[in-house]
Amino acid sequence: MGQIEELVKKGQTLLNEGKFDEALGCFEQALLLNQNDPDLWNYKGVALRSLGRYEESMDCFNKSLKIDPRDKHAS
């Protein structure tokens, strides 16, 4: 498993545990490794939304859609 996959897996676990700040950190680290993955932008958006940072989360979802306009997961 690659570094990005490990960060995403850890971030998803933290999200499920309600540790949104820590999850956000994982997704941000993953994005440093790959800015062109729409899923990573979605995960970051979900973490930000969970923290009540709605404007920032919308920016992430919009970036995801710019990368892949057919992305069905963008909330």
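The values are calculated or read from the model by the stated rules, or taken from the named source; none is laboratory data. These numbers were taken from a predicted model, which means no experiment stands behind them. Heavy atoms of the whole protein, side chains included, go into the accessibility calculation; ligands, DNA and RNA do not. Shrake-Rupley method; radii C 1.70, N 1.55, O 1.52, S 1.80 Å.
Give the lysines whose C-alpha is closer than 21 Å to that of Lys19, dropping any in the same chain fewer than 8 places away, or say none. Of all the lysines, those that pass the test against Lys19 - Cα under 21 Å, at least 8 places apart if same chain - are Lys9, Lys10, Lys44.
Based on protein heavy atoms only, the chain ends up with 64 Å² per residue of surface accessible to a 1.4 Å probe. With 0.36 nm allotted per residue and the present C-alpha distance subtracted, the Thr13-Tyr54 stretch has 12.6 nm of extension available.
For the chain, a Gaussian network of Cα nodes joined below 10 Å ranks Leu15, Leu33, Leu24 by mean-square fluctuation, and the top entry is Leu33.
Of the listed values (i) 17.1, 47; (ii) 11.2, 33; (iii) 14.5, 44, identify the label whose number matches Rg and Dmax of the Cα atoms in Å calculated from this model. It is the value labelled (ii).
Here the accessible area is traced with a 1.4 Å probe on the protein chains. For the stretch 8-49, carbon and sulfur cover 45 percent of it.
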